[in-house]
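Peer 1: After the structure tokens below, expect a handful of questions from me.
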Amino acid sequence: EKGGWSSFMAKEVSEEPEAVANTIRGRFSDGAVTIPELDGLDELFLGIDRVIVVACGTAAYAGMVGKYALEQWTRVPVDVELAHEFRYRDPVIGPNTLVVSISQSGETMDTLMAVKYAREQGAKTLSICNTQGATIPRESDAIVYTHAGPEVAVASTKAFVAQITALYLLALHVGRVRGVLSAEDSAEAVSELEAIPAKIARVIETEQEHIEQFAGWMADTASVLFLGRHVGYPIALEGALKLKEISYIHAEGFAAGELKHGPIALIEPGQAVFVIVPSPRGAAELQKKVVSNIQEIRARGARVIAVAEEGDVSVLPFADEVLRIPLAAPLFEPLLAVVPLHIFAMGLATAKGLDVDQPRNLAKSVTVE
Ligand code: M6R
């Protein structure tokens, strides 16, 4: 039930802190990750030489974020593929391939077919899913449930942060099993993750009103671009998807480094551009590059909305709006940076008088190919 909320989406965005907290609950002890569902699977994780993540839409963007953590902590190469593309291109799969599917509903036909196909080809399969007993987890060798609670709005929000959380837990677990991640580094990551729910709550508390206000001013905007780099890149894609999905505004996400390879031609006076700025402490080199991207687009008249760490003043001279996120280690920033983008999409669609829970032409779970 919606309770006192104006929409399920508003309720579900407000539940993003719990979605993360509930997904990590019971999976840590003494700074170490213990995922009861994965007990007895050490041999599987020791034997793999490759991971392929298959998913669609928002779940695929969670997978793209997860790739950074999986590769960093496990040193196993990871590819992320849209499930419908994977299934139809004769991919190279072997007995040492682990295919990780991500699905909120657990019923997405494209993802299900990819999992079945991977199994037929002899791969091991692991499902990250939010719905207990759904079809995709039943077709998989292993399951890690996200505990975001039921998600009703068509636009996925709290499930997204829960999916990233589950992927990080998986990466920490596999990294430890394979002996490539130290107990110390794992404990540090665990404490970063434990701090995330309160930080998301702070973003909602401090920025929601501000974002809804300027989203209202932007109700007539024809197009919005999103730029991000490293883990901020999939967040740019997610920000764009959410906006097109519920506000019907043209939106595109780009890797910031790609700007000069084409997209900068789109920049004209007044073009709204969200930029996810990496941390100046944790990712100083990338932060500088992104700030210089901001300068380039600003010089061409773009209206810049920067999502930046608290205390990062370097963006101030070039940004029309600055949305603040609390400090976190770089890998954990996506869990914070996405929150203002979810609020923005919702604020803009609401300002246009649209039904944010039931956007046109879309279904919550796509059970046809
Ligand atoms: O249930 P799933 O996670 O498998 O759904 C995958 C996509 O259809 C879904 O994330 C879709 O992109 C959302 N509507 C995005 O908000």
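Peer 1: Pairs of Cα atoms under 8 Å, at least six residues apart: use those to get the relative contact order of the chain, whole percent.
Peer 2: For the chain, the relative contact order is 20 percent.
Peer 1: In what order do TYR61, TYR248 fall by count of nearby beta-carbon atoms within 10 Å, going from fewest to most?
Peer 2: TYR248, TYR61
Peer 1: Another question, if that's okay. Looking at the square roots a ≥ b ≥ c of the eigenvalues of the Cα gyration tensor of the stretch 188-318, which shape do they give, rounded for a/c under 1.5, prolate if a/b is larger than b/c, or oblate?
Peer 2: Taking the square roots of the gyration eigenvalues as a ≥ b ≥ c, the stretch 188-318 is oblate.
Peer 1: Hey, can you rank 292-303, 106-117 by average C-beta count inside 10 Å, highest first?
Peer 2: Averaged packing, sorted descending, gives the order 106-117, 292-303.
Peer 1: I've got another one for you. Given the pairs LYS199/LYS352; LYS11/LYS244; LYS11/LYS352; LYS289/LYS352; LYS199/LYS260; LYS288/LYS352, which span a C-alpha to C-alpha distance of over 24 angstrom in this model?
Peer 2: LYS199/LYS352; LYS289/LYS352; LYS199/LYS260; LYS288/LYS352
Peer 1: Can I ask one more? How charged is the neighbourhood of VAL78? Take every other residue with its Cβ under 12 Å from the Cβ of VAL78, and add Lys/Arg as +1 and Asp/Glu as -1.
Peer 2: Neighbourhood net charge equals -1.
Peer 1: Now for a separate question. Counting Lys and Arg as +1 and Asp and Glu as -1, each charge on the Cβ, what is the dipole of the chain about the Cα centre in debye, to the nearest 20?
Peer 2: 520
Peer 1: Using helices alone, I'd like the mean residue ellipticity at 222 nm for the chain: each DSSP H run of four-plus residues gives -39500 (n - 2.57), total over residue count, nearest 500.
Peer 2: -14500 deg cm²/dmol
Peer 1: Could you order the peptides 227-234, 306-313, 122-129, 249-256 from most to least packed, using the average number of other C-beta atoms within 10 Å per residue?
Peer 2: Result, highest mean Cβ count within 10 Å first: 227-234, 122-129, 249-256, 306-313.
Peer 1: Shape of the stretch 1-93 from its Cα gyration tensor (a ≥ b ≥ c, root eigenvalues): rounded if a/c is under 1.5, otherwise prolate when a/b > b/c, or oblate?
Peer 2: Since a/c reaches 1.5 but b/c is at least a/b, the shape of the stretch 1-93 is classed as oblate.
Peer 1: Another question, then. Under a cut-off of 19 Å between alpha-carbon atoms, report the aspartates and glutamates in cross-link reach of LYS2, not counting same-chain residues fewer than 8 places apart.
Peer 2: Those aspartates and glutamates meeting the cut-off are GLU12, GLU15, GLU16, GLU18, GLU151, ASP355, ASP357.
Peer 1: Using Cα centres only, tell me the gap between the stretch 196-216 and the stretch 19-96 in whole Å.
Peer 2: Centre-to-centre (Cα) distance: 30 Å.
Peer 1: A further question on this structure: Once you have the alpha carbon radius of gyration of the chain, what is it after dividing by 2.2 N^0.38 Å, with N set to its residue count?
Peer 2: Ratio of Rg to 2.2 N^0.38 Å for the chain: 0.95.
Peer 1: So what's the net charge close to GLU18: Lys and Arg +1, Asp and Glu -1, counting the other residues with Cβ under 13 Å from its Cβ?
Peer 2: -1
Peer 1: Rounded to the nearest 20 debye, what is the charge dipole size of the stretch 214-369 about its Cα centre when +1 sits on each Lys and Arg Cβ and -1 on each Asp and Glu Cβ?
Peer 2: 180
Peer 1: A further question on this structure: Based on DSSP H assignment, which helices of the chain show an axial Cα extent of at least 15 Å together with a mean Kyte-Doolittle hydropathy greater than or equal to -1.0?
Peer 2: Membrane-span-like by this rule: 57-74, 109-120, 158-177, 183-217, 232-247, 284-299, 334-351.
Peer 1: Classify the stretch 77-216 from the C-alpha gyration tensor, please: rounded if a/c falls under 1.5, else prolate or oblate depending on whether a/b exceeds b/c.
Peer 2: Oblate is the answer for the stretch 77-216, as a/c is 1.5 or above yet b/c matches or exceeds a/b.
Peer 1: Calculate the length of the line joining the C-alpha centroid of the stretch 304-369 to that of the stretch 222-237, in whole Å.
Peer 2: If we compute the Cα centre of each part, the gap is 10 Å.
Peer 1: Provide the percentage of antiparallel DSSP beta bridges, counting only those with both residues in the chain; round to the nearest 5.
Peer 2: Just about 5 percent of them are antiparallel.
Peer 1: Say the dipole of the chain comes from +1 at the beta carbon of Lys and Arg and -1 at that of Asp and Glu; which of LEU286, ALA69, GLY353 then lies farthest toward its positive end?
Peer 2: The residue sitting most towards the positive pole is LEU286.
Peer 1: Between VAL368 and GLU184, 0.36 nm times their residue separation minus their Cα-Cα distance comes to what?
Peer 2: In short, 61.7 nm is gained.
Peer 1: Before anything else, pin down the relative contact order of the stretch 9-79: Cα pairs under 8 Å, at least 6 apart, normalised by residue count, whole percent.
Peer 2: Contact order relative to length: 22 percent.
Throughout, read-outs are computed from the coordinates displayed, never taken from laboratory work. All values derive from a computational prediction rather than experimental measurement. Glycine also receives a Cβ, built like all others from the backbone with ideal geometry; neighbour counts cover every protein chain displayed.
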